[in-house]
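A.B. asks: This is the structure I have questions about; it appears just below.
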Amino acid sequence: MTSEIHMPGPMCLIENTNGQLLVNQEALKILSAIKQPVVVVAIVGLYRTGKSYLMNKLAGKKKGFSLGSTVQSHTKGIWMWCVPHPKKPDHALVLLDTEGLGDVEKGDNQNDSWIFALAILLSSTFVYNSMGTINQQAMDQLHYVTELTDRIRAKSSPDANEVEDSSDFVSFFPDFVWTLRDFSLDLEVDGQAISADQYLENSLKLKHGTGEKIKNFNLPRLCIRMFFPKKKCFIFDRPTHRKKLGQLETMHDDELDPEFVRQVAEFCSYIFSNSKTKTLSGGIRIDGPRLENLVLTYVSAISSGDLPCMENAVLALAEIENSAAVRKAIAHYEQQMNQKVQLPTETLQELLDLHRASEKEAIEVFIKNSFKDVDHSFQKELAAQLEKKQNDFVNQNMKASSERCSVLLQDIFQPLEESMKQGVFSKPKGYHLLVQRMQELKEQYYQAPGKGIQAEETLQKYLKSKESAIDAILQTDQTLTEKEKDIEVERVKAEAAKANVKMLEELQKKNQQMMEQKEKSYQEHVKQLTDKMERDRVQMLQEQEKTLALKLQEQARLMNEGFANESKRLTNEIESLRRQMRPPRRICVIS
């Protein structure tokens, strides 16, 4: 489903007021209207380092996110700008500009840590923006990355004595892009030209040793390497001389340094082409409403003093979406049945066949729109609702048939009833005339189309209601001996008994058909669920294989650099991933 994105400028998504994070409801309304998958790019960095300028360029605008021109931080909280993705049709590009880290006016780094963590959690590409080169000062300013395990949880309740390793985070962490502003060094090592990416890799190399200084040096570098296997670096020359930096919003590209213009274009092209759709563990693609729910879940956890937890966020999202998936499935079922079914149906099987076709489509709708249905509780709810809907249609069908047959009997037998009231058959041989006429009218009734499944039962109820009147005519017919009357009474009883046996057989057949339909419904649920579980398993294996490949690459680098302990830690994580990738012994299905 596509939706138009009309957002002329950025809007605050998460307000940071007096140290409290609050979600802006107007911004959530915008997200809720975006039905396409979203690519989320968040930028973080020290205040007054030009983050907003890059985000405006990604939005394709010169103005938007506030640039400011003083030493005061302009952006507060997290601001959002949603625009159509320039290179991915039917995708939205969500840009998140964060308030500057290290603002001396705040006097509290606690909020900076949460802003950093939220940018990680919400984005598919995380841009860290800093000034100058990657030196120890730049690494010290990136200390927030070392606190991520204290700010974010992957699992709601890790196993006993289990410490979450970096592979838990890699599965849902964004790609990492480091942008270096006003970069003035030549990209060379030992006289050989290197790329910006190689410069970043060199800057992330660890030092050998065990002292506190070595540990502090290695920690942020190791965290970046562990948490962000996919890394990219861009360098930018100063756009113009210092006095004109405050006029960037109004300056044309031909007034800026040509190399800077080229570098910005290269950065934007990379983001547009390589930034992935925001995806949660298990291949869950995020659209506007899902991003809205993630924002609410994470900010609510922080406000209540808890740590944002990916597993809890996914389960909360699943609760909302699976409930909606059940409603969509039932609505589809009702729409299909109301279009296809003309009550009454001639047979119960005809109705059950229509139900089964509509039920199959409804299950498909549910499977398509649901995820993380723990214990299959929502699919069980759907199965129960579909069974109830089926029973409702069966009852409606019986009622429609009964009403149709009652009207038909009234039309066919009304003249006969009038004749009985007028005494037409209260004469010698009148009883035989009555029986003959009733047989003719029953044949007329049987020949009439569109009676439905209650035809026989409704007829027998009608005949039973006329027994006393018919018996009175029998008893007054003087041409019949007492013996003949007794024989006729027994014949009528035998006919009634035969009709009752026929109705009982029909009832047993209906019950058998209902039981068979219940089994078919169960098998359809199992089949579609099993197919979905297999698709999910394959997708998860692909994700794990990708993570494993990245881990193996990092392990090889650490081994080459001579860091055996860190490599051993990665070896344990790799083995843990491999255990997770082993096929399950059985597939659970609904019961």
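A.B. asks: Given (i) 1.52; (ii) 1.19; (iii) 1.02, which label gives Cα Rg over 2.2 N^0.38 Å as computed from the coordinates?
C.D. replies: Label (i) holds the value from this structure.
A.B. asks: Now a separate question. What are the ³J(HN,Hα) values, in whole Hz, obtained from phi via the Karplus relation 6.51 cos²θ - 1.76 cosθ + 1.60 with θ = phi - 60°, for each residue of the range 190-203 in sequence order, with x given for Gly and Pro?
C.D. replies: So the J values, rounded to whole Hz, are 6, x, 9, 5, 10, 8, 4, 5, 5, 4, 5, 4, 4, 5.
A.B. asks: What accessible surface, in Å², does a 1.4 Å probe find on V264, ignoring ligands, DNA and RNA and rounding to the nearest 10?
C.D. replies: Ignoring ligands and nucleic acids, V264 comes out at about 10 Å².
A.B. asks: From the phi of every residue in the range 268-281, what ³J(HN,Hα) in whole Hz does the Karplus formula 6.51 cos²θ - 1.76 cosθ + 1.60 yield, where θ is phi - 60° and glycine or proline is x?
C.D. replies: Karplus-based 3J(HN,Hα) across the range 268-281 equals 4, 4, 5, 4, 5, 8, 10, 5, 8, 4, 4, 9, 9, 4 Hz.
A.B. asks: Can you flag which of K88/K276; K35/K62; K29/K57; K466/K510; K429/K502 are past 22 Å Cα-Cα? Could you put the intermediate results ahead of the total?
C.D. replies: Values: K88/K276 10 Å; K35/K62 27 Å; K29/K57 25 Å; K466/K510 28 Å; K429/K502 31 Å.
The answer is K35/K62; K29/K57; K466/K510; K429/K502.
A.B. asks: Over the chain, what percent of the accessible surface lies on carbon and sulfur atoms, probe 1.4 Å? Walk me through the numbers on the way to the answer.
C.D. replies: Working: 15240 of 29850 Å².
The computed percentage sits at 51.
A.B. asks: Quick check of the Kirkwood formula: for the range 421-471, what is the inverse mean of 1/r over all pairs of different Cα atoms, in Å?
C.D. replies: 12.3 Å
A.B. asks: Might you work out the accessible area of D237 for me, using a 1.4 Å probe with all protein chains in place, and round it to the nearest 10 Å²?
C.D. replies: 50 Å²
A.B. asks: A further question follows. When ranked by the protection proxy of mean other Cβ atoms within 10 Å per residue, highest first, what sequence do the peptides 225-231, 13-19 form? Don't jump to the answer; show the numbers that get you there.
C.D. replies: Numbers: 225-231: 20.1, 13-19: 16.9.
Listed from highest to lowest mean packing, they are 225-231, 13-19.
A.B. asks: According to the square roots a ≥ b ≥ c of the eigenvalues of the Cα gyration tensor, what is the shape class of the range 170-310, taking rounded for a/c under 1.5, prolate for a/b larger than b/c otherwise, and oblate for the remainder? Don't skip to the answer; put the middle values down first.
C.D. replies: On the way: a/c = 1.98, a/b = 1.22, b/c = 1.62.
Because a/c hits 1.5 or more and a/b fails to exceed b/c, the range 170-310 counts as oblate.
A.B. asks: A 32 angstrom limit on the alpha carbon distance is what I want to check against. Which of K155/K232; K427/K493; K389/K498 exceed it? Provide the component values of the computation, followed by the final result.
C.D. replies: Working: K155/K232 28 Å; K427/K493 23 Å; K389/K498 34 Å.
Table pairs above 32 Å Cα-Cα are K389/K498.
A.B. asks: Length gain on complete extension for the stretch N560 to L185, per 0.36 nm per residue less the alpha carbon to alpha carbon distance? Show your work: numbers first, answer last.
C.D. replies: Details: separation 375, 0.36 × 375 = 135.00 nm, distance 2.70 nm.
Result for the pair: 132.3 nm of gain on full extension.
A.B. asks: Sticking with this one: If I take every Cα pair under 8 Å that is 6 or more residues apart in the chain, average their sequence separation and divide by the length, what percent do I get for the relative contact order?
C.D. replies: With pairs under 8 Å counted, the relative contact order is 13 percent.
A.B. asks: For L343 paired with L441, estimate the spin-label separation in nm (one decimal), with each label point 7 Å from Cα along the Cα-to-Cβ line.
C.D. replies: With each label point 7 Å from Cα toward Cβ, the separation is 2.8 nm.
A.B. asks: Which of the peptides 282-289, 25-32 is most tightly packed, and how do the rest follow, judged by the mean count of other Cβ atoms within 10 Å per residue? If you can, show how the numbers build up before the last one.
C.D. replies: Details: 282-289: 18.0, 25-32: 15.8.
So the peptides 282-289, 25-32, ranked by packing, come out 282-289, 25-32.
A.B. asks: Let me ask something else about it. From largest accessible area down, sort T210, T530, T345; use a 1.4 Å probe on the protein chains. Please report the intermediate quantities before stating the final value.
C.D. replies: Working: T210 140, T530 45, T345 0 Å².
So the residues, ranked largest to smallest area, are T210, T530, T345.
A.B. asks: Let me ask you something else. Quote to one decimal, in nm, the extra length available between E361 and E266 on full extension: 0.36 nm per residue of separation minus the C-alpha distance between them.
C.D. replies: Numbers: separation 95, 0.36 × 95 = 34.20 nm, distance 4.68 nm.
That works out to 29.5 nm of additional length.
A.B. asks: Same structure again: Give the long-range amide H neighbours of H91: residues separated by 5 or more places, or on another chain, with amide H under 5 Å away, using H modelled in the peptide plane at 1.01 Å from N.
C.D. replies: H85
A.B. asks: With angles folded into 0 to 90 degrees, how steeply does helix 288-303 sit against the dominant principal axis of the chain? Use alpha carbons for both and round to 10.
C.D. replies: 60 degrees
A.B. asks: Please give the solvent-accessible surface of L296 in Å², to the nearest 10, using a probe radius of 1.4 Å with every protein chain present.
C.D. replies: Probe radius 1.4 Å; accessible area of L296 about 70 Å².
A.B. asks: Let me ask another. Whole-Hz Karplus ³J(HN,Hα) for the range 320-336, in order, using 6.51 cos²θ - 1.76 cosθ + 1.60 and θ = phi - 60°, x for Gly and Pro?
C.D. replies: 5, 6, 6, 4, 5, 5, 4, 5, 4, 5, 5, 4, 5, 4, 4, 4, 5
A.B. asks: Would you mind getting the accessible area per residue of the chain, heavy atoms of the protein chains only, 1.4 Å probe, in Å²?
C.D. replies: Values: 29850 Å² over 591 residues.
Per-residue value: 51 Å².
A.B. asks: For the range 295-397, what relative contact order do you get, as a whole percent, if you take Cα pairs closer than 8 Å and at least 6 residues apart? Don't skip to the answer; put the middle values down first.
C.D. replies: Numbers: 75 pairs, mean separation 35.6, N = 103.
Reported as a whole number, the value is 35 percent.
A.B. asks: Which order do K399, K368 take by accessible area at a 1.4 Å probe, largest first?
C.D. replies: Values: K399 130, K368 165 Å².
Listed by decreasing accessible area, they come as K368, K399.
A.B. asks: Another one. For labels at L552 and K518 in the simple 7 Å Cα→Cβ model, what's the distance in nm?
C.D. replies: 5.2 nm
A.B. asks: Let me ask another. Just check the range 309-398 against the gyration tensor rule for me: Cα atoms, a ≥ b ≥ c as the square roots of the eigenvalues, rounded for a/c under 1.5, and otherwise prolate or oblate depending on whether a/b exceeds b/c. Please list the in-between numbers first.
C.D. replies: On the way: a/c = 3.47, a/b = 2.93, b/c = 1.19.
Taking the square roots of the gyration eigenvalues as a ≥ b ≥ c, the range 309-398 is prolate.
The values are calculated or read from the model by the stated rules, or taken from the named source; none is laboratory data. These numbers come from a predicted model, not from an experiment. A quick note on method: Cβ atoms are made from the backbone with ideal geometry, for glycine too, and the neighbour counts reach across all protein chains shown. Quick note on the areas: whole protein, heavy atoms, side chains included, nothing else; ligands and nucleic acids left out. Shrake-Rupley method; radii C 1.70, N 1.55, O 1.52, S 1.80 Å.
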